[in-house]
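Shown next, in structure tokens, is the structure this report addresses.
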Amino acid sequence: MDDSPMKADIAPHLAWTSDHPLGYEVERAEGPFLFLTNGRRLIDFISGIAVSSLGHRHPKVLEAIRDQLEKHLHVMVYGELIQAPQVQFSNQLADILPPSLDCVYFTMSGTEANEGALKLAKKYTGRSRMVAFEHSYHGDSHGSLSVTGRNIYQDPFRPLLPGITFLPFGDFEALTAVDDQIACVIAEPIQGEGGMRVPPPGWFKALRTRCSDVGALLILDEIQTGFCRTGHPFAFEHEEIVPDILTLAKAMGGGMPLGAFISSTKKMESLRRDPPLSHVTTFGGHPVSCAAASAALQVMLDERLAERAVWVGERIRSKLKHAPMANLRGRGAMLGLDLPSSPIAEQVVKTCLNHGVLLGWTLHSGTVIRLAPPLNIPEEVLEEALEVISSALSQAHAGHGT
Ligand code: PMP
């Protein structure tokens, strides 16, 4: 069954960069469900790519948005006037982060958060070279793309930032390339678009030590891993390290656009001098987004969603254990299903979609299917989705004779 309309029929003036858009029109979304205009209901098993961790339209988030709408929308370039939702949310973040991550700069998106982090590292260290990792994804603006480890996405846009070295992710020996010329090393705790790759135990500790030894700043991009998805509020907690700069977005806004780069007050001060206003943004930290984020974070803590992510991950693993080809990796409720080939992965995604479960690929790996349901997905909905995924795997297995 392929009942999706063509782009040309429904959105002739919208620029979609996807070659194979699903093309379904969303009528509304509620909790773990998307309701389409063609009358179908889908279980959202990718949460809008790790955004809707509380499901869609959480009532507490909606209430906070409505309250803020009654007060004010945009009033001034970020940081010039005091806006209560920004202050309140930054205080909440500081409460749950280590003391050295006590100063938050709000942006609108993930790539912008990484842009700010890279600039901060250059400004603070006075160095310009950077280290990043193969198969990483940090965003699509020029700076973030410069540290994204995939040639096919970089090549059409060269020249990008100079002086970037890419190392194999998880390789201990490669870390000697981080030397005293390096401003920063940027890494994801788990490579999301790279196919949910978790590095070997102890590797992040070795990276942390190396950065400290040579005076390079460690930037952790937790845009996908942050806000309870992996079983801790932040994935660096699994590694028992603290980054110099943390970048966040996606689930942070509870469904509203918001990002942040976070560091120490001392480091962040370097963006206030020589010259002042070394980094500014008009819409960063939009009051409605900050109000939504503040409510979303409170829900995550009150509903203990970090623990719930572990439970969801275990349910997925134990249910799919008996399904064919179910090679799972990742942490908590950020999992990748690594299949033997791209056509098999494609077939599994299609079969699931036809049976009401929305899954998706990862950007750098055509064989890895992303499993990232809302963390508060009701148990019976989770079971329903896993039933569908399980039988799609059996069907694909039988069809391909693997
Ligand atoms: N970093 C990571 C790890 C991401 O997964 C993404 C988005 N997939 C980004 C950065 C970019 O975020 P945005 O799309 O909000 O710019």
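The values are calculated or read from the model by the stated rules, or taken from the named source; none is laboratory data. Owing to the predicted nature of the structure, the values given are computational and were not obtained by experimental measurement. So basically every Cβ, Gly included, is an ideal-geometry build from the backbone, and we count neighbours across all protein chains shown. Ligands, DNA and RNA are stripped out before the accessible areas are found, and what is left, the full protein with its side chains, is counted by its heavy atoms. Shrake-Rupley method; radii C 1.70, N 1.55, O 1.52, S 1.80 Å.
Check G356, G332 and return the single one that is in contact with a Lys or Arg (Cβ under 7 Å, 6 or more places away or on another chain), at pLDDT 95 or above and over 30 Å from L93 (Cβ atoms). Quick ask: steps written out before the conclusion?
On the way: G332 fails: over 30 Å from L93 (Cβ atoms).
None of the other options fit; the residue is G356.
What is the number of the single condition among (1) in contact (Cβ under 8 Å) with a residue 24 or more places away in the chain; (2) within 21 Å of A50 (Cα to Cα); (3) crowded, with 21+ Cβ neighbours inside 10 Å that T148 does not meet?
All conditions pass for T148, except number (1).
If a residue has to be without any contact (Cβ under 8 Å) to a residue 40 or more places away in the chain, outside any strand (DSSP E or B) and out of contact with any helix residue (DSSP H, G or I) (no Cβ under 6 Å at 6 or more places or on another chain) to count, how many in the range 158-183 make the cut?
Qualifying residue count, the range 158-183: 9.
Which one is farthest from Y24 (Cα to Cα), of the residues in the range 45-78 that are within 16 Å of the ligand (Cβ to nearest atom) and of a type in the set (S, T, N, Q)?
Per the criteria, the residue is S53.
Any idea which of P200, P162, P168, P233 is farther than 28 Å from A333 by Cβ and not aromatic (F, W, Y)? First the steps, then the outcome.
Values: P200 fails: farther than 28 Å from A333 by Cβ; P168 fails: farther than 28 Å from A333 by Cβ; P233 fails: farther than 28 Å from A333 by Cβ.
None of the others qualify; the one that does is P162.
Of the numbered conditions (1) over 21 Å from the mean Cα position of the chain (by Cα); (2) at positive phi, L161 fails exactly one; give the number of that condition.
The one condition L161 does not meet is (2).
For L36, state whether it is open to solvent by 70 Å² or more (accessible area, probe 1.4 Å) and farther than 30 Å from Q181 by Cβ.
Answer is no for this residue.
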